[in-house]
Amino acid sequence: MQDQSQSVLANGPDRCLDSSPAGILRGQVCATSELSFLMEAHDGLSGAIAERAGFKGLWASGLSIACCLGYRDANEASWSQLVDVVERIVDSTKLPVLVDGDNGFGNFNNARLLARKLSQRGAAGVALEDSCFPKMNSLIGERHPRADIDEFSGRLRAVKDAVAEDLVLVARVEVPIGCRGMDEATLRAHAYADAGADAILIHSKGTADEILPFLSAWQQRLPVVIAPTQYHRTLVSAYREASISTVIWANHSMRAATAAMRRVCGRIIAEGGIAGIEPDVATLDEVFELLRYDELASAGARYLPPESDPLNDILVLNELPPWDRLP
């Protein structure tokens, strides 16, 4: 993992004292000397797990959040629902959160409103993609109309004017998925840099080789971010050699949870009970420890008389056999 202090120093003396979420994220994403990693989170629990694992930053995935809300990744979830989930992720960890803002949910006005609200809820950055509203997940099908370059640049400028340095602004170039070639990708990336983007996310659903021509032509004008979901067999060393700034593991916690829940649900149905699955799921003590129930106990001891400590009531209740518990 990347050392945050070195990353901040790499961005100049003005960044050294910036301990805000945006400042910490900027130190990771906009550093050129080290490769950084962002782990997907879709709720407070997945964010806390990623932090405990050792990640230094989070990616609030639009796909994963939509899935967990029961929506498709096609702008079916609203921007306000996204903002609410991001707030829970931010509150559950101390890590900077880069938010997948899709296309900004509309034109420049929607995009700047989204950015303001994300900043108010504690997000560290937002990534906007140059797709038309409503979008379809870029890994599905072949029809992905791109926004006009000037119009999307206007969205970026509006976000930058609205939140200035309070959010790291990442412009996501989707051209390779549309098979229009790297010349257009480079053209778009330069326009987005001129519009105020802090970094460029270049996306491909093919192989890592498809982004190499862009990296060669780009000449590191801005840091480059990738999300190698489709080319997952490529070694991380290749990203370092290509001078990529940041790798996003974009949806893996959600997919891991989906697979695990399927297995457990299937076994409970097949086995007619839960006795067999207990060794394969997290204990409640592990869940309580992860979500800092100990902090609630210590706070109760400080602020409440013992007889009215709600956590003590919970612990006593859990010790009673089921038939003695209140309905």
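The values are calculated or read from the model by the stated rules, or taken from the named source; none is laboratory data. As the structure is a computational prediction, the values presented were derived from the model and not from experiment. Neighbour counts are summed over all protein chains in view; Cβ atoms, including those assigned to glycine, are modelled from backbone coordinates with ideal geometry. Ligands, DNA and RNA are excluded from the accessible area calculation, which covers all protein heavy atoms including side chains. Shrake-Rupley method; radii C 1.70, N 1.55, O 1.52, S 1.80 Å.
If the chain linking HIS190 and GLU241 were pulled fully straight, counting 0.36 nm for each residue of separation and taking away their Cα-Cα distance, it would gain 16.1 nm. What net charge is computed for the residues neighbouring GLY44, neighbours being all others with C-beta under 12 Å from the C-beta of GLY44, Lys and Arg scored +1, Asp and Glu -1? That works out to -3.
If you take every residue apart from ARG263 with its C-beta less than 14 Å away from the C-beta of ARG263, what net charge results, scoring Lys and Arg +1 and Asp and Glu -1? Around ARG263, the surrounding residues sum to 0.
Taking all protein chains into account, the per residue accessible area for the range 169-271 stands at 47 Å² (1.4 Å probe).
If I stretch the segment between ASP285 and ILE149 completely, what's the gain in nm (0.36 nm per residue apart, minus their alpha carbon distance), one decimal?
43.8 nm
Model label points for ALA74 and GLU307, set 7 angstrom from Cα along the Cα-to-Cβ axis, are 6.0 nm apart. The value of relative contact order for the range 80-191, using C-alpha pairs under 8 Å at least six residues apart, is 27 percent. Across the chain, the mean sequence separation of Cα contacts (distance under 8 Å, 6 or more residues apart), normalised by length, yields a relative contact order of 16 percent. Spatial offset of the range 219-253 relative to the range 75-124 amounts to 23 Å, using the alpha carbon center of each. Expressed as a whole percent, the accessible surface of the chain that belongs to carbon and sulfur atoms is 55, based on a 1.4 Å probe. Legend: calculated FRET efficiency, GLU165 to HIS232, from the Cβ-Cβ distance at R0 = 41 Å, rounded to 0.05, equals 0.75.
Converting the Cα gyration tensor eigenvalues of the range 218-303 into ellipsoid dimensions via √(5λ) gives semi-axes, longest first, of 39, 25, 9 Å. Among the listed pairs LYS94/LYS205; LYS56/LYS135; LYS135/LYS205; LYS94/LYS117, those with a Cα-Cα distance over 24 Å are LYS94/LYS205; LYS56/LYS135. Based on Cα atoms of the chain, Rg over Rh with Rh as the Kirkwood radius reads 1.03.
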